[in-house]
Each structure stands twice: as structure tokens, then as C-alpha cells.
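Below is one structure; the comments refer to it alone.
Just so it is clear, none of the values below were taken in a lab; they were calculated from the coordinates. Keep in mind that what you see is a predicted model, and the values were worked out from it rather than measured. Ideal geometry is used to build each Cβ from the backbone, glycine not excepted, and the neighbour counts take in all protein chains shown.
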Amino acid sequence: MSRVQLVVKNIGWACMKSDLRSYFRKFGTVLDIRIPMNYDTGFNRNIAFVYVKEGFSSDLLSGYHVIDGQEVTSMF
């Protein structure tokens, strides 16, 4: 199965994998999510990598989304 990496920038500091999975699954199959952490602060680095099944909905190409009240941008 081919997968594509979707980069999501400007996520909220409290954003969790479950928040991203709930939001992006309406566009297609979410295979995995990685949220890099800043281990000095304990918060995320305001970026996430969402791995999706190839053929994911092109609606994501618009780039702007709101997740938990935070405007984020996404790009393939």
C-alpha cells in the first residue's frame, strides 16, 4: 500500500494524534500520524506529519483548515 506524507503546520500546542485523526479521516484513510515534540518544553513543535493512503481527497490541497480552533495549513 502506497502512502503519502501530509505536512500540517501551526498545530496547537495541545493538539494530539486523536484530534488530527478525527479531522483528517473525513478526507480518506489515515495510516499514521507523527507529532515531533520539544523535550525541553514538553510541547509539540507546532507541526505534524499525517501519513495517508495514496489517492487521499484533493480537498486538502486548499491548504487551510481549522482544528480545535487553531488555523493550520497542510501540504503534500
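Below, the figures for the structure above:
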item: Conditions (1) more than 12 Å from Gly12 (Cα to Cα); (2) surrounded by fewer than 17 Cβ atoms within 10 Å (Cβ to Cβ); (3) under 10 Å from the mean Cα position of the chain (by Cα); number of the one not met by Ser74; result: (2)
item: Complete set of residues in the stretch 1-49 that are more than 10 Å from the chain's Cα centre (by Cα), surrounded by fewer than 13 Cβ atoms within 10 Å (Cβ to Cβ) and of a type in the set (A, V, I, L, M); result: Met1, Ala14, Met37
item: Matching residues, the stretch 1-21, being under 18 Å from Tyr64 (Cβ atoms) and of a type outside the set (Asp, Glu); result: Leu6, Val7, Val8, Lys9, Asn10, Ile11, Gly12, Cys15, Leu20
item: Subset of the stretch 22-56 (residues that are within 13 Å of Asp68 (Cα to Cα) and without any contact (Cβ under 8 Å) to a residue 24 or more places away in the chain); result: Ser22
